[in-house]
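Q: Take this structure first; my questions come after.
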Amino acid sequence: MKTVYKLTSATLTAYGGYQWVPNEWCETSGTGGLCSAGWLHWYHDPLLSVFPDPIPAAIGPTARLWEAEADGEMLDDRGLKGGSTRLRLVRE
């Protein structure tokens with residue numbers, strides 16, 4: 001298991017409208033590229049999570065930053081972002 005960081009909106013949704021629930025594991029297939037629905041996206045560092053927000057996710061000023069646990073199969077985009085097949089939000 002790896003500690004990572006995830007941004008959500010104020011209502012705990014992420015890009016694409018996925019609804020997160022704290023402390024509940026979410027699982028995906030691990031198919032497709034890192035930016036596909038087959039991966040749960042996260043960042044290695046809290047600062048990296050907020051820096052690119054206006055570009056891909058556009059969550060905005062009400063964003064909530066979560067410490068999360070990533071597990072399962074993992075992909076990495078040169079340290080900029082990562083993805084795993086299992087993820088849960090642990091602490092805001």
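Q: Inside segment 29-42, can you point out the residues that are open to solvent by 40 Å² or more (accessible area, probe 1.4 Å) and either among the small types (Gly, Ala, Ser) or more than 14 Å from Arg86 (Cβ to Cβ) (or both)?
A: Across segment 29-42, the qualifying residues are Ser29, Thr31, Gly32, Gly33, Cys35, Ala37.
Q: Step by step: first the residues of segment 54-66, then only those that are in contact with a helix residue (DSSP H, G or I) (Cβ under 8 Å, 6 or more places away or on another chain) and modelled with pLDDT of 75 or more, then the one that is least open to solvent (accessible area, probe 1.4 Å). Which residue is that?
A: The residue in question is Ala63.
Q: Could you please find all residues in segment 34-53 being assigned to a loop (DSSP other than H, G, I, E, B), aromatic (Phe, Trp, Tyr) and at pLDDT 90 or above? Step through it out loud before you land on a result.
A: Quick first cut of segment 34-53, residues assigned to a loop (DSSP other than H, G, I, E, B) only: 34-39, 44-45, 51-53.
If we keep only those that are aromatic (Phe, Trp, Tyr) as well, we get 39, 51.
Scanning segment 34-53 gives a single hit, Trp39.
Q: Within segment 1-28, take every residue that is of a type in the set (S, T, N, Q), part of a loop (DSSP other than H, G, I, E, B) and surrounded by fewer than 17 Cβ atoms within 10 Å (Cβ to Cβ) and give me the one that is modelled with the highest pLDDT.
A: The selected residue is Asn23.
The values are calculated or read from the model by the stated rules, or taken from the named source; none is laboratory data. As the structure is a prediction and not an experimental result, all values here were calculated from the model. With ideal geometry, Cβ positions are generated from the backbone for all residues, glycine too; neighbour counts draw on all protein chains shown. Only protein heavy atoms, including side chains, enter the accessible area calculation; ligands, DNA and RNA are left aside. Shrake-Rupley method; radii C 1.70, N 1.55, O 1.52, S 1.80 Å.
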